[in-house]
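Visitor: Below is a structure I'd like to ask you about.
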Amino acid sequence: MSKVIAIANQKGGVGKTTTAISFASALTKQGKKVLLIDFDPQGSLTIGLGIHDTAALEHTSARLLIDSINEQAREPMQYINTSGAIPFIPGNIMLSSVEVQLVNVIGREMVLKEALEPFRILFDYIIIDCMPSLGFLTINALTAADSVIIPVQAHFLGAKGLEDFSSTLRKVKKINPSLSIDGILVTMFNKQLNFSKGIVEAIKATYGESIHIFDTKIPISIKAAETTAMGQSILDYSPKNPVAVAYQEFAKEWLHNG
């Protein structure tokens, strides 16, 4: 039975999608069977894996939710795109309309959890790239997840957003009591700036006793931004890049803590 991990933070621009793709790639290189799920209507993960015309996609995470709501079971592989190095369920703007439909669904928080059951015997890990807001989609992802990894940008606003997200997690745990927090992953870290170091220290001082903070820090890199256009993970596009190396170290740290 696989472990389901949500990559989540209510704040945008903290590196959630890059973390989801890179973390999945690093785990794959460790010999693990990994499935990625794009659960953001913007489809950033799908674009980052090489599909730019997301609106034309039929078998998506939105379709998975609709089929689950309508109790129309399909073979799991029908939803999975296997065109690249990492199998994934694409996402697109259809997710926004499905989120509206969820309002009137009985047990709406559990739709994704139930939909993922057939997938859990096929993979070691299922990684969900969440949207940067709190709504029924994010609540579904956190309810379906066994654990959550919280990327936080080494910036004042990124650290400040942690307070709101921590409150969200406490509320979700009333629905999913078994949800655990794997930890906070510091992203876009510039080791040459005292400001970045100060933010990390502030995060440790505020949350260090209640939430694990990973030792690995993901450095800031222009090269990492190029991977979206290339449709590859940074580990495949530029394996010696400091970001690629850092994500490999992070995957090893996460597995060791596991």
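Visitor: For the chain, with every protein chain kept in place, what is the accessible area per residue (1.4 Å probe, Å²)?
Guide: Values: 11650 Å² over 258 residues.
Dividing the accessible area of the chain by its residue count gives 45 Å².
Visitor: Now for a separate question. Could you tell me what percent of the DSSP beta bridges with both partners in the chain are antiparallel, to the nearest 5? Intermediate values should be presented prior to the final figure.
Guide: Numbers: 1 of 27 bridges.
Around 5 percent antiparallel, to the nearest 5.
Visitor: For region 143-258, max minus min Cα coordinate along each principal axis, in Å, sorted largest first?
Guide: Extents along the principal axes, in whole Å: 42, 33, 27.
Visitor: Can you tell me the order of 136-145, 46-55, 181-190 when each peptide is scored by its average per-residue count of other Cβ atoms within 10 angstrom, highest first?
Guide: Details: 136-145: 24.5, 46-55: 18.4, 181-190: 21.7.
Final packing ranking: 136-145, 181-190, 46-55.
Visitor: What aspartates and glutamates could a cross-link reach from residue 204, if we take a straight Cα to Cα line under 17 Å and drop same-chain neighbours fewer than 8 places away?
Guide: Hits, sequence-local ones excluded: 163, 164, 182, 215.
Visitor: Assuming 0.36 nm per residue, please report the length gained on full extension of the stretch residue 223 to residue 252 beyond their Cα-Cα distance.
Guide: Taking 0.36 nm per residue and subtracting the Cα distance, the gain is 8.2 nm.
Visitor: While we're here: Once amide H atoms are placed 1.01 Å from N in the peptide plane, what residues at a sequence separation of 5 or more from residue 153, or on another chain, have their amide H within under 5 Å of its amide H?
Guide: 187
Visitor: Could you go through region 32-42 in sequence order and give the Karplus-derived ³J(HN,Hα) for each residue, using 6.51 cos²θ - 1.76 cosθ + 1.60 with θ = phi - 60°, rounded to whole Hz, and x for Gly and Pro?
Guide: Computed from phi, the couplings for region 32-42 are 8, 8, 10, 10, 9, 10, 8, 10, 10, x, 6 Hz.
Visitor: For region 171-234, what is the convex hull volume of the alpha-carbon atoms per residue, in Å³? Before the final figure, lay out the partial values.
Guide: Values: hull volume 8.9 nm³, N = 64.
In region 171-234, the Cα convex hull volume per residue is 139 Å³.
Visitor: Can you give the net charge of the other residues whose Cβ lies under 11 Å from the Cβ of residue 124, counting K and R as +1 and D and E as -1? All intermediate terms of the calculation are to be shown ahead of the outcome.
Guide: Values: positive: 3, 32, 33, 120; negative: none.
Surrounding charge for residue 124 is +4.
Visitor: Between 248, 232, 192, find the one with the highest GNM mean-square fluctuation for the chain; connect C-alpha pairs within less than 10 Å.
Guide: Comparing 248, 232, 192 in a Gaussian network model of the chain, the most mobile one is 192.
Visitor: Once amide H atoms are placed 1.01 Å from N in the peptide plane, what residues at a sequence separation of 5 or more from residue 93, or on another chain, have their amide H within under 5 Å of its amide H?
Guide: Distant-sequence amide H within range of residue 93: zero hits.
Visitor: Would you mind computing the Rg to Rh ratio of the chain from its alpha-carbon coordinates, Kirkwood style for Rh? Mind dumping the intermediate values first?
Guide: On the way: Rg = 17.2 Å, Rh = 18.2 Å.
Ratio of gyration radius to Kirkwood radius: 0.94.
Visitor: Could you work out the helix-only [θ] at 222 nm for the chain, with each DSSP H run of four or more residues adding -39,500 (n - 2.57) and the total divided by the number of residues, to the nearest 500 deg cm²/dmol? Intermediate values should be presented prior to the final figure.
Guide: Working: 11 runs with 112 residues, N = 258.
For the chain, the value works out to -13000 deg cm²/dmol.
Visitor: Starting from the Kirkwood Rh over alpha-carbon pairs, what translational D in µm² s⁻¹ does region 1-112 have by Stokes-Einstein at 4 °C and 1.567 mPa s?
Guide: Working: Rh = 14.8 Å.
Value of D from the Cα-based Kirkwood radius: 88 µm²/s.
Visitor: Here is a follow-up. Starting at 0 and stepping by 10 Å, how many percent of the alpha carbon pairs of region 62-214 end up in each bin?
Guide: All Cα pairs, binned at 10 Å, distribute as 9, 35, 32, 19, 5, 0 percent.
Visitor: Next up: Report, to the nearest whole %, how much of the accessible area of region 18-70 belongs to carbon and sulfur atoms, 1.4 Å probe, protein only.
Guide: Values: 780 of 1810 Å².
After summing per-atom areas, the C and S share lands at 43 percent.
Visitor: With springs only between Cα atoms under 10 Å, which of 95, 193, 45 fluctuates most in a Gaussian network model of the chain?
Guide: 193
Visitor: Something else about it: What is the log10 of I(q)/I(0) for region 52-145, computed with the Debye formula using one identical point scatterer on each Cα and no solvent, at q = 0.11 Å⁻¹?
Guide: Those come out to -0.29, one per q.
Visitor: Please figure out what share of the DSSP beta bridges in region 1-138 is antiparallel and state it in percent, rounded to the nearest 5. Please list the in-between numbers first.
Guide: Numbers: 1 of 14 bridges.
For region 1-138, the DSSP antiparallel bridge percentage is about 5.
Visitor: What lysines does residue 252 reach when the alpha-carbon gap must be under 17 Å and sequence neighbours fewer than 8 apart in one chain are set aside?
Guide: 3, 29, 32, 33, 217, 240
The values are calculated or read from the model by the stated rules, or taken from the named source; none is laboratory data. A quick note: this is a predicted structure, and the numbers were derived from the prediction, not measured. FYI the Cβ positions are ideal-geometry reconstructions off the backbone, even for glycines, and counts take in every protein chain you see. Side chains are part of the model used for accessible areas, which takes the heavy atoms of the whole protein and leaves out ligands, DNA and RNA. Shrake-Rupley method; radii C 1.70, N 1.55, O 1.52, S 1.80 Å.
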